[in-house]
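Heads up, the thing below is written out as structure tokens.
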Amino acid sequence: MHEEIVIVWFKRDLRVGDHAPLKAASETGLPVLPLYIVEPDYWQQPFASSRHWHFIHDSLLDVRTACGRLGQPLVVRTGDAITVLQELQTVFTIKAVYAHEETGNDWTYTRDKQVMAWCRDTDIQLHQFPTNGIIRRLKNRDSWASLRNRRMADACVPTPDALMPVARVEVGDVPGKNDAMFGPPPSGPVQIGGRGAAYDLLSSFLQTRGQHYIAHMSAPGLSEIYGSRLSAHLTWGTVSAREVDQAIGRRLAKLSPDEAPRWRRQLSAFRSRLAWRCHFMQKLEDQPSVEHTCMHPFFEGIREDSFNDEFFEAWKQGHTGYPLIDACMRNLTHHGWITFRMRAMLVSFASYDLWLDWRKTGYHLAQLFTDYEPGIHYSQLQMQSGVTGINAVRIYNPIKQSYDHDPKGAFIRKWVPELADVPDAFIHEPWKMGHAQQELARCVIGIDYPEPVVDHAAAIVAAREKMARVRKQDGFRHASQSVYAKLGSRKRTPRRAPKSSHRAVKTPRGGQGAQMDLLNLLDK
């Protein structure tokens, strides 16, 4: 007779603390098999990359150790989810599967529905638990903020005291970081994964680094120091949004009179970005099609047929002729992270200056971002590309951004060494140098560094005209109202979350707030 077990299926929740499925499974009185499935087909998708796997790999080893201390190490299997579960069913009697709800790509959504059907057909109970601030089957967007705040206020789920081990099970190997399954290796270092790394970052941010958060969160070269850098950990679930939110609350409550003036505003701003993060993820939960189709249907078709492959390659390689654009793209390609404003600028430049379709540029960025979070990614791609119909068109001027956020050109010179000897007066617009100045700076435009691929001013005039034509179409306003009703931000939340003294966090406003330029909202 087969041993009766319950399975805890780990996905984007690579931790043992504040993990409701693991805790519930531990209380069944049955052996617990913690399971992670490496799904080869997933890693063939256009959004997946080995950079993600490097971070996941670290986190899986961490979870395996943590589960082992509880009595049963993490089990890893490679294959599609249904096949893996079927194979386990031939060895064990699976009484139930415990998992978090996942708000992910269409690929993972389809897979989850298939697993649900398989469990139903095989009479295996499937218990799914909410995660982050995402409300599944939300009936009315007006209620989302209060529900989200209530969830953040609930006590974190304690780590189980122990897991009853499974009698005979091979834990399986965690595929190596450079396994060919995951594609080409990343071109630079990858942020370290695992719960210990998450807690180190959270502690250093709340105690020291965060005191300059607002002042430096937009500047490339400084934001990686003074931003939280927790985004990848939240993406892959080594720490929960609730744990971070409550850690902020505890720090705020313990501020000394001397600390309060410089810390309260910083931490409150950071906490509000955490709420924004959930807000954008809720959009994908409510409408999974935003991965593939414009929120506002009138914008379908405006860019697809005019896609310029040469522009796309120049943008990807950091060879557009705009120094800050190129520095940011090269930095991102190397490190897998860059601050919110520079992400938004990269998308704005691709979508307006180069008139590239957000779906293709979005998949490239998804592969680069260690913190690729589908719910934020696609909503923000659409917002920064102007296709939501409920946000003002926000176009970034790459020259102004360069002057504002890298005034001396230090970041540019680091990442675009062709410009290393260009004088400060021309570092933002090197094409304005005379030929003799170019020779002196050892940077001849068109030879050592490319001419601008487009004229920004002319490209933006053309882009605005195209966007305006769409907005003037009959029925546009009515369709926008429908988008807002389903996906738009609401003005504010109640002052207090229900049934708790936990302070409510203001949610995104319309108008200026709705234009917030985030691609990773936590470090906005």
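The values are calculated or read from the model by the stated rules, or taken from the named source; none is laboratory data. Keep in mind that what you see is a predicted model, and the values were worked out from it rather than measured. When we count neighbours, we look across all protein chains shown, and the Cβ atoms used for this are built from the backbone with ideal geometry, even at glycine. SASA here: full protein model, heavy atoms, side chains in, ligands and nucleic acids out. Shrake-Rupley method; radii C 1.70, N 1.55, O 1.52, S 1.80 Å.
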Pair-distance profile P(r), taking every C-alpha pair of segment 226-344, with 10 angstrom steps and integer %: 10, 26, 31, 23, 8, 2
Considering every Cα-Cα pair within the chain, what fraction, in whole percent, is farther apart than 47 Å? 13
Per the Kirkwood definition applied to all pairs of different Cα atoms, how many angstroms is the hydrodynamic radius of segment 346-469? 16.3
Bins of 10 Å, starting at 0 and running to the largest distance - Cα pair percent for segment 110-152: 24, 37, 28, 11
Taking the highest mean first, how do the peptides 116-129, 278-291, 171-184 order by number of other beta carbon atoms within 10 angstrom per residue? 278-291, 171-184, 116-129
Convex hull of segment 174-239 built on C-alpha atoms - directionally averaged projected area, nm²: 5.6
On the protein heavy atoms, probe 1.4 angstrom, tell me the percent of accessible surface of the chain carried by carbon and sulfur. 52
Cα gyration tensor of segment 278-387 diagonalised, 5x eigenvalues square-rooted, in angstrom largest first, produces semi-axes 22, 18, 10
Using only the alpha-carbon atoms, how far is helix 323-335 inclined from the longest principal axis of the chain? Give it as 0 to 90 degrees, nearest 10. 20
Which order, highest average first, do 53-65, 430-442, 405-417 follow once you tally other Cβ atoms within 10 Å for each residue and take the mean per peptide? 53-65, 405-417, 430-442
With a ≥ b ≥ c the root eigenvalues of the C-alpha gyration tensor of segment 407-455, is it rounded (a/c under 1.5), prolate (a/b larger than b/c) or oblate? rounded
Toward the positive end of the charge dipole of the chain, about the Cα centre and with charges on Cβ (Lys, Arg +1; Asp, Glu -1), which of GLN246, TRP9, GLN44 goes farthest? GLN246
Descending semi-axes in Å of segment 310-366, equivalent ellipsoid built from Cα gyration tensor: 15, 13, 11
Report the dimensions of segment 54-120 along its three principal axes from the alpha-carbon atoms, largest first, rounded to Å. 33, 30, 20
Using only the Cα atoms, work out Rg/Rh for segment 163-279, with Rh taken as the Kirkwood radius, to two decimals. 1.09
For the chain, give the magnitude of the charge dipole about the Cα centre (Cβ charges: +1 Lys/Arg, -1 Asp/Glu; no others), in debye to the nearest 20. 2800
Along principal axes, largest first, the alpha-carbon spread of segment 125-174 in whole Å comes out as 50, 25, 22
Stick to the Cα atoms of segment 38-188, pair each with every other, and give me the Kirkwood hydrodynamic radius in Å at one decimal. 18.0
For segment 382-427, Rg(Cα) over 2.2 N^0.38 Å is 1.58
The chain - accessible surface per residue (Å², probe 1.4 Å): 41
With a 10 Å radius around each residue's Cβ, average the other Cβ atoms per peptide and rank 222-235, 457-470, highest first. 222-235, 457-470
How large is Rg/Rh for segment 1-126, to two decimals, with Cα atoms and a Kirkwood Rh? 0.94
